[in-house]
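The values are calculated or read from the model by the stated rules, or taken from the named source; none is laboratory data. The model shown is predicted, which means the values in this text are computed figures rather than measured ones. Positions of Cβ are generated from backbone atoms using ideal geometry, with glycine treated the same way; all protein chains shown enter the neighbour counts.
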């Protein structure tokens, strides 16, 4: 028997378990988050005798006589101060890491009431945040310290909620206090636990699956295999090529393939029973690169074929997608160019590393099922679960929990369909969850690509033409591999004014973990290659990287390389003007090296595909309830919806209730992807609010309008790829950006300057956080993050991915350019979520080239301050 003192109260436990499990499962203290259970992320941080400590690595047997404190044990004064500070500073995005950050901040402030920013960085150095870039978390802890030190009153938040105001996130306070409920925080009477039995090999024939021993183990209720799936076994948003479970006699396609599902009364019982499932394999040589996949005679990973956009397909030579973009005469333009540069670049797969591992809870709902999920689009899950179970849509309900980050990595199904299957078959609540390593092995990554490019200009540095060939590793399953390749190709020529382009891309199936959507969506990869070459070409001409870009920058009325005419809101030149002074300052200072890179990124899915944002307003008890399925994954779309309503109606924020996505109530606003939700669902909210405003202006009160529904819906017609129009409209809008990265003589990061054409700033506080977080991702992509594979198996853990930590982050100077019509769609806003992560890597490459003269073609960059050269023995 162990006696544990938590938040001033003593508890007893017979079993010697991990402190995190005791707090969460036995005491229901859910502010302590399970981010990795490896001691690597800090989401489970608690105070033990006043010291910030990871709860996942502490056993109860070592804690007798010690004082354990969580946020639930804070005084009311502390709760008010920390929640205010984190909300006001804009420190909360997805929020999953924030309770751990609050605890780390309290531990510091208790010891050092007047900390410096460096003290704060050191205090949170082992707590990972993938959203914010850390700056606003640091500011929150410094603000909390000041308020506690000087005994300041917690100010009342007086916010109008209007567009342009630094509005605190609608969910900042509950997230900061650990009260927001993520999927793993839900618990129901009689709930069971489901665990996947994964393949041991990337490619192997499954000869037999013996579940008999597992079924005999304590607490095991069922073990399901492929034959138990009542509907369509194959899932996938676009290509139905991903089997929910591999059947006997079939080949596994990657290490993340499920062979069986164990369901038991407790987590421990489920995890133990997984090990008892016996699988006999015939191990086969995996296909681990696109080059191998394309060879004649290579194993055909999807030789059995699959459904793709309603048609049956059998890929030839493992080729999943093929894109071409040709305008003008690139060959002649390059032949006639005064200066030409070319090169082949290599970028690795990248792990999203969202702080919340995948979890879903499913419950019987009449003769159907309800699933509580943490994904990026509840209607994608709604459709696929209906197919998977073979039941009509009306028997499926999807509710979104609070989502602990996504970045594209939670667009695909992971645990949702498996939880639904178990609950549907067993008629009991079932939670299915991934460990951190299972998450790393399973969900789609950023695509690894090999990119050859050639660019030419005249004697004045005016671009003439370019040629590019992209080879993408889409891994074992298609996921979003087609659209990612398409976006990599359509953006490869960059935000410049020239018309002669010849771009071709191919995506191949391999036995590597699947690749799919990731912040930047293919443009991260192609921009790295092109922007590095732009800098090289500028040097050949004798121009600075800034001057070369300014001469070629796309301006309103000019035609982009993809044929679309740049609209009046195009502000690429203005982003360059915003950084000119800093670029020249560091370019002329012998103590520093400044790298520069630019980017463009679409808002919305575009390319002829229906892309509707929706938001309904319902008047309930004198308040406006906003209902939309737009997935809130940390980017702040719910606060955008609030501001659209407040700006349009002039109602105060306390009159607005933002509901969570739920297929029973909220209309389909599409997936949170493609930097689209602020524009499309934001405009839908504005339109619905305009109708409400008309009623209010007529003299009616909210009480008079009880029960009335205002429907908001917005789409924008675009032209498909391959359109025969001379100037097709591919997307509703493009955002533009330029980033400077400054390093010192050692190669250490000193500063990042980030200028963005955002159309219209809806919320400066939120947009700054998006930029800082995106910059952190871009720097990690450039310098430290890697995802090595061996025979298709990831050779990394969360702690070895190379994620940027607070002490590594330099200050980020932000410039926001507003040029759009403030009365236009969504009050002129453009999406910002993706573009912020794109220019960082080529800017870092440029800075290091200036430092040592080595032109690097591969990420992460070798022989830098952050990746020392390997010593050969």
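Cβ-Cβ distance below 8 Å, separation of 6 or more or different chains: which pairs start in segment 206-221 with a residue that is on the phi > 0 side of the Ramachandran plot and end on one that is at pLDDT 95 or above and not in a loop (DSSP other than H, G, I, E, B)?
Note: pairs meeting the criteria are 219/264; 219/269; 219/270; 219/273.
Do you know which of the residues in segment 309-335 that are in contact with a helix residue (DSSP H, G or I) (Cβ under 9 Å, 6 or more places away or on another chain) and surrounded by fewer than 18 Cβ atoms within 10 Å (Cβ to Cβ) is nearest to residue 492 (Cα to Cα)?
This residue is 324.
Tell me, which strands (runs of 3 or more DSSP E) wholly within segment 667-776 include 3 or more residues that are touching a residue at least 40 places away in the same chain (Cβ under 8 Å) and within 30 Å of residue 399 (Cα to Cα)?
709-714
Go through segment 8-43 and count every residue that is assigned to a loop (DSSP other than H, G, I, E, B) and buried (at least 19 other Cβ atoms within 10 Å of the Cβ).
13
Within segment 259-304, track down each residue that is at pLDDT below 95 and touching a strand residue (DSSP E or B) at 6+ places or on another chain (Cβ under 7 Å).
Scanning segment 259-304 gives no hits.
Could you list, in sequence order, all residues of segment 172-211 that are closer than 27 Å to residue 76 by Cα and either surrounded by fewer than 18 Cβ atoms within 10 Å (Cβ to Cβ) or out of contact with any helix residue (DSSP H, G or I) (no Cβ under 7 Å at 6 or more places or on another chain) (or both)?
Passing the criteria: 174, 179, 181, 182, 183, 184, 185, 186, 187.
When you scan segment 353-379, how many residues do you find that are out of contact with any helix residue (DSSP H, G or I) (no Cβ under 9 Å at 6 or more places or on another chain) and surrounded by fewer than 24 Cβ atoms within 10 Å (Cβ to Cβ)?
1
From the list 567, 589, pick out the single residue that is assigned to a loop (DSSP other than H, G, I, E, B) and free of Cβ contacts under 8 Å to residues at least 60 places away in the same chain.
589
Return yes when residue 46 is under 30 Å from residue 157 (Cβ atoms) and assigned to a strand (DSSP E or B) and no when it is not.
So residue 46 passes the test.
Would you mind listing the strands (runs of 3 or more DSSP E) fully within segment 606-662 where at least 2 residues are under 12 Å from residue 170 (Cα atoms) and in contact with a strand residue (DSSP E or B) (Cβ under 7 Å, 6 or more places away or on another chain)?
Because the criterion is at least 2 residues that are under 12 Å from residue 170 (Cα atoms) and in contact with a strand residue (DSSP E or B) (Cβ under 7 Å, 6 or more places away or on another chain), the strands (runs of 3 or more DSSP E) in segment 606-662 that meet it are 656-658.
Of all residues in segment 152-181, which are within 22 Å of residue 830 (Cα to Cα) and touching a strand residue (DSSP E or B) at 6+ places or on another chain (Cβ under 8 Å)?
Correct list: 161, 170.
Residue by residue through segment 427-457, note down the ones that are farther than 27 Å from residue 299 by Cα, in a loop (DSSP other than H, G, I, E, B) and in contact with a strand residue (DSSP E or B) (Cβ under 6 Å, 6 or more places away or on another chain).
427, 428, 429
Per-residue answers, yes or no, for (1) within 17 Å of the chain's Cα centre (by Cα); (2) assigned to a strand (DSSP E or B); (3) at pLDDT 95 or above:
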site: 323; (1), (2), (3): no, yes, yes
site: 353; (1), (2), (3): yes, no, yes
site: 363; (1), (2), (3): no, yes, yes
site: 379; (1), (2), (3): no, no, yes
site: 384; (1), (2), (3): no, no, yes
site: 397; (1), (2), (3): no, yes, yes
site: 406; (1), (2), (3): yes, no, yes
site: 410; (1), (2), (3): yes, no, yes
